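Student: Could you have a look at this structure, given as structure tokens, before my questions?
The values are calculated or read from the model by the stated rules, or taken from the named source; none is laboratory data. Source: prediction; values computed, not measured. All Cβ positions, glycine included, derive from the backbone under ideal geometry; neighbour counts span all protein chains shown. Remember, those area values only see protein heavy atoms, side chains included, never the ligands or the DNA or RNA. Shrake-Rupley method; radii C 1.70, N 1.55, O 1.52, S 1.80 Å.
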Amino acid sequence: MKAVRIHAFGGPEVVVYEEAPQPEPKANEVLFKVTSTCLNYADVQWRLGNYVDRTLPATLGREAAGVIEAVGSGVTTFKPGQPIMARAVGGNAEYAVAHVDHVFPCPDGVDMNQAGGMPVIFLTAYHLLRSLKPLQAGDT
């Protein structure tokens, strides 16, 4: 499969589009064919070497959307053929895996081209609205 990867930390020149092994789902994981993904601040920091994960080589991406291809043992809430969005490390590839706790069914009517950029953004917005300043009746 093709993937967006880095073999060293640095500027944009370290990013390569290359063949990589297709991941396989482990227990409590799903494998999905990526239909859309995104680039966010965490990816830039990862590329620069300023992120928690410093393992190289690495496939970039922290979130993606797609259609489940296979499920690992213990997965009962998702099934092959189901459209999902996920917080998936390595989401900038043709296939990605995600732990079921980080997988969300893609709601009807959500464009799969846009869904790849939703998981982290939605969780950030939810956190800000619920944790930092709890919403009150009448808030907009």
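Student: Taking GLY72 and the conditions (1) under 18 Å from GLY116 (Cβ atoms); (2) surrounded by 13 or more Cβ atoms within 10 Å (Cβ to Cβ), which numbered condition does it fall short on, given that it satisfies the others?
Tutor: (1)
Student: Okay, next question. Would you please name the residue that is nearest to ALA98 (Cα to Cα), looking only at residues in the stretch 41-52 that are open to solvent by less than 50 Å² (accessible area, probe 1.4 Å) and without any contact (Cβ under 8 Å) to a residue 60 or more places away in the chain? Full working, then the answer.
Tutor: Our first condition is that a residue be open to solvent by less than 50 Å² (accessible area, probe 1.4 Å); within the stretch 41-52, this holds for 42-47, 49.
So of that shortlist, the ones also without any contact (Cβ under 8 Å) to a residue 60 or more places away in the chain come out as 43-47, 49.
Values: ASP43: 17, VAL44: 21, GLN45: 21, TRP46: 18, ARG47: 21, GLY49: 23 Å.
Among those residues, the one meeting the criterion is ASP43.
Student: Taking PRO119 as the residue in question, decide whether it is surrounded by 12 or more Cβ atoms within 10 Å (Cβ to Cβ) and either hydroxyl-bearing (Ser, Thr, Tyr) or under 11 Å from the mean Cα position of the chain (by Cα) (or both).
Tutor: Values: surrounded by 12 or more Cβ atoms within 10 Å (Cβ to Cβ): yes; either hydroxyl-bearing (Ser, Thr, Tyr) or under 11 Å from the mean Cα position of the chain (by Cα) (or both): yes.
Considered against the rule, which asks whether it is surrounded by 12 or more Cβ atoms within 10 Å (Cβ to Cβ) and either hydroxyl-bearing (Ser, Thr, Tyr) or under 11 Å from the mean Cα position of the chain (by Cα) (or both), PRO119 comes out as yes.
Student: Checking LEU128 against (1) surrounded by fewer than 17 Cβ atoms within 10 Å (Cβ to Cβ); (2) under 14 Å from THR35 (Cα atoms): exactly one of these is not met. Which one?
Tutor: Looking at each condition in turn, LEU128 falls short on (2).
Student: Among the listed residues LEU135, LEU56, identify the single one that is at pLDDT 90 or above and of a type in the set (A, V, I, L, M).
Tutor: Numbers: LEU135 fails: at pLDDT 90 or above.
From the options LEU135, LEU56, the qualifying one is LEU56.
Student: Which pairs do you get when a residue that is over 11 Å from PHE78 (Cα atoms), found in the stretch 91-110, comes within reach of a residue that is among the basic types (Lys, Arg), reach meaning Cβ atoms under 6 angstrom, with the pair 6+ apart or on two chains?
Tutor: What qualifies is GLU94/LYS2; TYR95/LYS33; HIS102/ARG87.
Student: Those residues that are in contact with a Leu (Cβ under 6 Å, 6 or more places away or on another chain) and either of a type in the set (Phe, Trp, Tyr) or in a helix (DSSP H, G or I) (or both), I need them from the stretch 10-57; list them, please. Explain how you work it out, then say what you get.
Tutor: Going through the stretch 10-57, the residues in contact with a Leu (Cβ under 6 Å, 6 or more places away or on another chain) turn out to be 25, 43.
The answer is ASP43, and nothing else.
Student: Among the residues of the stretch 75-87, count how many are open to solvent by less than 40 Å² (accessible area, probe 1.4 Å) and not hydrophobic (A, V, I, L, M, F, W, C).
Tutor: Of the residues in that region, 1 qualify.
Student: For LEU56, state whether it is surrounded by fewer than 13 Cβ atoms within 10 Å (Cβ to Cβ), more than 16 Å from the chain's Cα centre (by Cα) and either closer than 24 Å to GLY10 by Cβ or touching a residue at least 24 places away in the same chain (Cβ under 8 Å) (or both). Let's see the steps before the verdict.
Tutor: On the way: surrounded by fewer than 13 Cβ atoms within 10 Å (Cβ to Cβ): yes; more than 16 Å from the chain's Cα centre (by Cα): yes; either closer than 24 Å to GLY10 by Cβ or touching a residue at least 24 places away in the same chain (Cβ under 8 Å) (or both): yes.
Here the answer is yes, as LEU56 does meet what is asked.
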